[in-house]
Amino acid sequence: MDETTGYPTGAPLPTAALRDALIDWYLRNGRSLAFRETADPWAILVAEVMSQQTRIDRVEGHWRRFLALYPTPSALAAAPLRDVVRAWAGLGYNRRAVNLQAAARAIVERHAGRVPGTAAELETLPGIGPYTARATAATAFAVHVAAVDVNVRRVVGRLAGEPLALAEIQRRSDALVDPARPDLWTHAVMDLAATVCRRRAPACTDCPLAEWCRSRGTAGEEPRARGAGTPFPTTRRWLRGRLLAEIAAAEGDGWLDVDGGRGVHEPSAVREAVGGLARDGLVEIDAAGRARIR
């Protein structure tokens with residue numbers, strides 16, 4: 001790692017040069033992802049929702065299959081929830097599938113089936129938060145907004161060389177976005193965070209922004225995420241996914257007896273997980289304690 005002193009504190013960042021350097025780097029080194037090749041706002045919105053809390057390399061195959069079934073908001077809005085949950089299987093955080101269908105219905109009802117083109121409108125859709133709204137607006141509609149998640153916060157915070165409040169991170173991120181190329185900027189800063197300005201062991205010598213980074217050569221590891229290293233089959237997320245897959249696969253009238261443990265999880269944990277799925281609107285439970293997809 002470069003151990004030289006970073007960019008002087010107080011010196012203004014040359015925004016245009018910084019933008020050009022990052023986008024030039026991205027055009028040479030950016031990751032090849034199928035959903036970056038489409039201009040369809042619905043396909044982009046689906047990709048952004050799938051990418052929430054999920055590694056990008058797990059998304060592409062699911063994204064292709066899901067869009068083959070539901071190529072438009074209208075198609076998803078009209079689908080039975082049971083089919084939607086089955087189509088989502090393998091991605092986890094299945095509540096996102098419910099929210100995406102609710103968003104599709106809102107798009108049909110409020111926007112005549114067309115994905116709205118501003119971050120403010122997108123954020124009014126069920127399950128669409130500030131990051132997803134801004135990322136979709138920037139990449140699908142070339143709106144001059146910055147999508148800020150933990151990865152972008154890391155890049156901007158390291159450039160600043162000091163702790164910054166989230167509002168200040170957002171302000172600086174908005175100022176850095178290339179107004180002529182917000183889509184490329186959004187992809188570029190995400191790829192920089194994923195491959196160079198990593199949480200652990202940042203590759204400062206490979207960074208196109210190293211010349212202006214006040215943390216160059218001194219950026220330490222970020223705090224380890226809580227729960228990191230926990231075996232997946234021991235987690236509540238694994239249990240919820242396992243139960244939902246079983247319930248979605250139930251034949252006949254769709255009701256499934258969910259008694260008993262699953263893996264290392266005791267029957268009490270299973271009952272609690274099924275109750276959580278019901279509270280999230282994913283399943284319903286009858287008087288006998290059986291469950292089925294809503």
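The values are calculated or read from the model by the stated rules, or taken from the named source; none is laboratory data. Just so we're clear, the structure is a prediction, and the values are computed from it rather than from any experiment. Neighbour counts run over all protein chains shown; Cβ positions are idealised from the backbone, glycine included. Surface areas here come from the heavy atoms of the whole protein model, side chains and all, with no ligands, DNA or RNA. Shrake-Rupley method; radii C 1.70, N 1.55, O 1.52, S 1.80 Å.
Considering the stretch 55-78 alone, what residues qualify as being assigned to a loop (DSSP other than H, G, I, E, B) and over 26 Å from residue 111 (Cβ atoms)?
So the first thing to find is which residues in the stretch 55-78 are assigned to a loop (DSSP other than H, G, I, E, B), and the list is 55, 70-72, 78.
Result: 55, single match.
Hey, does the stretch 82-104 have a residue that's touching a strand residue (DSSP E or B) at 6+ places or on another chain (Cβ under 7 Å), surrounded by 15 or more Cβ atoms within 10 Å (Cβ to Cβ) and either in contact (Cβ under 8 Å) with a residue 40 or more places away in the chain or over 22 Å from residue 180 (Cα atoms) (or both)?
Within the stretch 82-104, one or more residues are touching a strand residue (DSSP E or B) at 6+ places or on another chain (Cβ under 7 Å), surrounded by 15 or more Cβ atoms within 10 Å (Cβ to Cβ) and either in contact (Cβ under 8 Å) with a residue 40 or more places away in the chain or over 22 Å from residue 180 (Cα atoms) (or both).
Only one of 110, 114 is part of a loop (DSSP other than H, G, I, E, B) and open to solvent by 70 Å² or more (accessible area, probe 1.4 Å); which? Steps first, answer last, please.
Details: 110 fails: part of a loop (DSSP other than H, G, I, E, B).
Criteria check complete, one pass: 114.
Out of 181, 214, I need the residue that is open to solvent by 30 Å² or more (accessible area, probe 1.4 Å), under 21 Å from residue 48 (Cβ atoms) and touching a helix residue (DSSP H, G or I) at 6+ places or on another chain (Cβ under 8 Å). Which one?
181
Give the residues of the stretch 270-288 that are of a type in the set (Gly, Ala, Ser) and open to solvent by less than 30 Å² (accessible area, probe 1.4 Å), sorted by residue number. So that I can check it myself, show each step before the final result.
The initial filter retains those residues of the stretch 270-288 that are of a type in the set (Gly, Ala, Ser), namely 273, 275-276, 278, 281, 287-288.
Passing the criteria: 273, 275, 276, 278, 281.
Look through 91, 27 and report the one residue that is among the aliphatic types (A, V, I, L, M), under 30 Å from residue 155 (Cβ atoms) and part of a loop (DSSP other than H, G, I, E, B).
91
Within the stretch 1-30, which residues are modelled with pLDDT of 90 or more and either more than 15 Å from residue 189 (Cα to Cα) or surrounded by fewer than 18 Cβ atoms within 10 Å (Cβ to Cβ) (or both)? Steps first, answer last, please.
To start, the set of residues in the stretch 1-30 that are modelled with pLDDT of 90 or more comprises 16-30.
Passing the criteria: 16, 17, 20, 24, 27, 28, 29, 30.
Write out, first by first residue and then by second, each pair whose Cβ atoms fall under 9 Å of each other, whose residues are 6+ apart or on separate chains, and whose first residue, in the stretch 57-68, is in contact (Cβ under 8 Å) with a residue 12 or more places away in the chain and under 20 Å from residue 81 (Cα atoms) while the second is open to solvent by less than 30 Å² (accessible area, probe 1.4 Å) and not in a helix (DSSP H, G or I).
62/54; 62/91; 66/91
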